[in-house]
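Here's the structure, in structure tokens; my notes come after.
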């Protein structure tokens, strides 16, 4: 079950400089560790602001890593230079969330797809053939080459973005919420495409999403992020169906199911879980509170016991 | 012809270029033609001019137009036409120089400052601000005093003075695209910064620079002529400004001398400005479609006339939409229908869900009920009745603002999709809740305030007073949606229309907001129309479901029936696309490879 990891992140910390003079930096990731296996998909699930997108960007060299290490294929890429990145772009690629802003509106689809090929010094003739192949691969018509992104629907644009990511036959694709801007039926088709490509090419995915259902469907392993930390990690089936961490449990039960009767059950379960967790928190909080509250207790004459009650 | 073209996507793509659009704009074409003629006349002055610019016929000064000198001669007996042509050369070249200097300084610094930011940005911005604060004319006069009457020198200095304009423009534009995902994608592809700037950033900067240049060139001509007019230019070389100066001095002897250079300057500057406008219009790309006026003969159905009574037996429905069709007039006179023959009703205390994908017309339907359609929209057919009276009577082509004004806020309220963009950032949340209540319910401010705090507590906000005093940016998205729900129920409406109320929220927050909506609905007994694409939300809240596809209702029924036994193939496809309860890593669609229609 344990294959060789193609990419590992160990205690990665990402900090954005604070606004203003001597401002405290904003810490988006607090020491995150993950591993992605060859040919497998790691689903990364979390809410907005949890740092899941930042982790993906850190791997692409788009976020400032201030601690920890990222290795790809045994090579440390934490602070890869532009030159190393150019070499890495053969192996690591990206599909972004928004197909409307991830394609330059002024360039034709052919030019967009030719870009990564040109960087790697592929001859224009070969590039043309490769582009034709790519369009076939993602199910777009050949005449798409001379069209502009705005002449396509959201789903088709995401196909163009996938084709661009595939152009150099990478070994890992970071997918940052690639289906969340799409309609339900389009999402289904694009997910199918992702699965199909993985089966055919053995590419690994880091699949970032806020939707537990999407992540369950496409991932072998799942990591759950909450406030810049990974709170639970393991095989998809386990994490997304019988999670251990209270947050994942809340997340699972919060997602509504398309059946009124089952949804009512789920809702009741969720409310029960929330009540239980609140009680646990209250108990834990009482203990923690008793310990923590004492030092910064400014008010005089209030004993620790009073505060807890 | 070897590749088969898939059906539905064949044909040549018709795409108008920016240049094409400029040329098709009559003003743009005129401006281009005028500039080309002026430019050519100046460029070929040596060939075209009958005399040298400084050839002077002392015996024939201030000659009237006609005869040997087509436009007459000036006070020095020099041919006005020749001087006009030669003057154009110098005037235009100096404007070009000025603009070039400004671009050469402003564009690269703006690109670097915008793209990299950091210390260079701060330093360059400081310099730009300093230059902007210099009094331009003073500087030009000092330069002239110190270094002599050179047009070129003056224009170089003026170019430097104008460069902050380019710097700021470029910097702002670059900053706006610097973090676009396609720039990130280019970085991931390994493109060098230079390539990214050349390929992805320049294309965005280009157009504003062209527009700016057309204006700057005009300003440069005006300033340069102004300096020469004041007699600060080099008298040995003809420019339009010097001719103007000469004409002004002899205005009583031969006023026509003033006319020719003025005409030349006016024409050139006007053409430049018009060209700039044409470029801007061409880039905006939007075809303006003016709403069709009613022919004068056709009488407008008078609003004051008594409304027709609604169909008997349907009065008890809270809201009934019958055969509604909504369309948008197109440039070619046709009407693009986005909602077609949509009928449904909702009773008091009922929750109806309208489900569909983007482009299904579900939001357009909701907006027609609320009367929030854009001005260009037309009700093409059908009617909407609320509580036994028409808001859109049969035959109306717009939603009556008058009739809906009395209902909106009071009896029909709205919960939007994006909570953040629906709260005004300039006002506190409290004032945004209080104001509608004082207007709609006519209660005092203090009363409304107490009520607002009560409502905030009711929608589960832990510290109502703090939220009441907060500005929208100080609360989270989930809180903002709670505030909007509080606002929607503040005037005790009979019908709440919620347009994708949870789509922008995190899933745990969504669950909380759904709980809140359900509780509110039960407590107040209001009718709720919830527009959504999420069947989970439907299952959670709705009593009945309307499924829409491409502007039409394809299926309607009780929620359990539709979700468990969908009859229409489209509903089946939609439900089959749900991931819940599917075997992971399996195909979701029957024929995924046939894509292209995604």
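Throughout, read-outs are computed from the coordinates displayed, never taken from laboratory work. Everything numeric here is computed off the predicted structure, so don't read it as measured data. Heads up, the Cβs are rebuilt from the backbone with ideal geometry, glycines too, and the neighbour counts pull from every protein chain shown.
Length, then width, then depth: along the principal axes, the Cα atoms of the stretch B:141-295 run 69, 62, 18 Å. Distance between the modelled labels on residue B:222 and residue B:558, one decimal in nanometres: 7.5 nm (7 Å Cα→Cβ projection).
How much length, in nm to one decimal, is gained on full extension between residue B:524 and residue B:400, taken as 0.36 nm per residue of separation minus their Cα-Cα distance?
Contour length minus the Cα-Cα distance gives 41.9 nm.
For chain B, the convex hull drawn through the C-alpha positions has a volume of 288 cubic angstrom per residue. Starting with the fewest neighbours, write out B:69, A:100 ranked by other beta-carbon atoms found within 10 Å of each beta-carbon. Neighbour counts put them in this order, fewest first: A:100, B:69. For the options A:235, A:25, A:178, a Gaussian network treatment of chain A with springs between C-alpha atoms closer than 10 Å singles out A:25 as fluctuating the most. Compute the Cα gyration tensor for the stretch B:85-159, then decide on rounded, prolate or oblate, letting a ≥ b ≥ c be the square roots of its eigenvalues: rounded whenever a/c is under 1.5, prolate when a/b is larger than b/c in the other cases, and oblate in all that remain. Oblate, because a/c is 1.5 or more while a/b does not exceed b/c. Need the C-alpha centroid separation for the stretch B:459-501 versus the stretch A:236-271, integer Å. What the calculation gives is 26 Å, centre to centre. With everything on Cα atoms, drop me the angle between helix B:256-284 and the longest principal axis of chain B, reported from 0 to 90° to the nearest 10. Rounded to the nearest ten degrees, it is 30. Axis of helix B:202-229 versus longest Cα principal axis of chain B: the two differ by about 40°, to the nearest ten degrees. Considered as an equivalent ellipsoid built on the Cα gyration tensor, the stretch A:119-159 has semi-axes of 21, 11, 9 Å, the largest given first. Placing pseudo-labels 7 Å out from each Cα toward the beta carbon at residue B:454 and residue B:145 gives an inter-label distance of 7.5 nm. Which of rounded, prolate or oblate describes the stretch A:94-207 when judged by the alpha-carbon gyration tensor and an a/c cut-off of 1.5? Oblate shape, in that a/c is at least 1.5 and b/c is the bigger or equal ratio.
Projecting the alpha carbon convex hull of the stretch A:5-241 along each direction and taking the average yields 13.2 nm².
Arrange the following residues from fewest to most other Cβ atoms within 10 Å of their Cβ: B:541, B:230.
B:230, B:541
Over the C-alpha atoms of the stretch B:14-55, the Rg to Rh ratio, Rh being the Kirkwood estimate, stands at 1.28. Applying Stokes-Einstein at 4 °C and 1.567 mPa s to the Kirkwood radius of the stretch A:60-105, computed over alpha-carbon pairs, gives a translational diffusion coefficient of 106 µm² s⁻¹. FRET efficiency for the pair residue A:33 and residue B:474, taken as 1/(1 + (r/R0)^6) with r the Cβ-Cβ distance and R0 = 22 Å, rounds to 0.05. Please state the shape class of the stretch B:303-452: rounded when a/c is under 1.5, otherwise prolate if a/b exceeds b/c and oblate if not, all from the C-alpha gyration tensor. Because a/c hits 1.5 or more and a/b exceeds b/c, the stretch B:303-452 counts as prolate. Both the radius of gyration and Dmax for the stretch A:156-295 are 19.1, 60 Å, in that order, over alpha-carbon atoms. Label zone of residue B:192 (point 7 Å out along Cα→Cβ, amide N under 16 Å): in the stretch A:64-88 this covers A:81-87. For the stretch B:46-89, the convex hull drawn through the C-alpha positions has a volume of 59 cubic angstrom per residue. Taking 35 Å as R0, compute the FRET efficiency from the Cβ-Cβ separation of residue B:585 and residue A:282 and round it to 0.05. E between residue B:585 and residue A:282, to the nearest 0.05, is 0.30.
Based on the alpha-carbon gyration tensor of the protein assembly as shown, what equivalent-ellipsoid semi-axes (square roots of 5 times the eigenvalues) come out, in whole Å, largest first? Before the final figure, lay out each step's value.
Values: eigenvalues 692, 286, 194 Å².
Sorted largest first and rounded, they come to 59, 38, 31 Å.
Reducing the stretch A:29-75 and the stretch B:333-410 to their Cα centroids gives an inter-centroid distance of 47 Å.
Angle of helix B:477-489 to the longest C-alpha principal axis of chain B, folded into 0 to 90 degrees and rounded to 10: 70°. Per-residue mean of foreign Cβ neighbours for A:199-207 is 0 (Cβ atoms of other chains, 10 Å radius). Here the extension length gained between residue B:18 and residue B:93 equals 24.4 nm, from 0.36 nm per residue of separation less the Cα-Cα distance.
Computing FRET efficiency as 1/(1 + (r/R0)^6) for residue B:273 and residue A:86, where r is the C-beta to C-beta distance and R0 is 60 Å, gives about 0.85. Which distance in Å, rounded to a whole number, links the C-alpha centroids of the stretch B:31-45 and the stretch B:174-253? Comparing the Cα centres of the stretch B:31-45 and the stretch B:174-253, I get a distance of 18 Å.
In the stretch B:79-231, the convex hull through the Cα atoms has an average projected area of 10.4 nm², a quarter of its surface area.
Between residue B:444 and residue B:256, residue separation times 0.36 nm minus the direct Cα-Cα distance comes to 60.5 nm.
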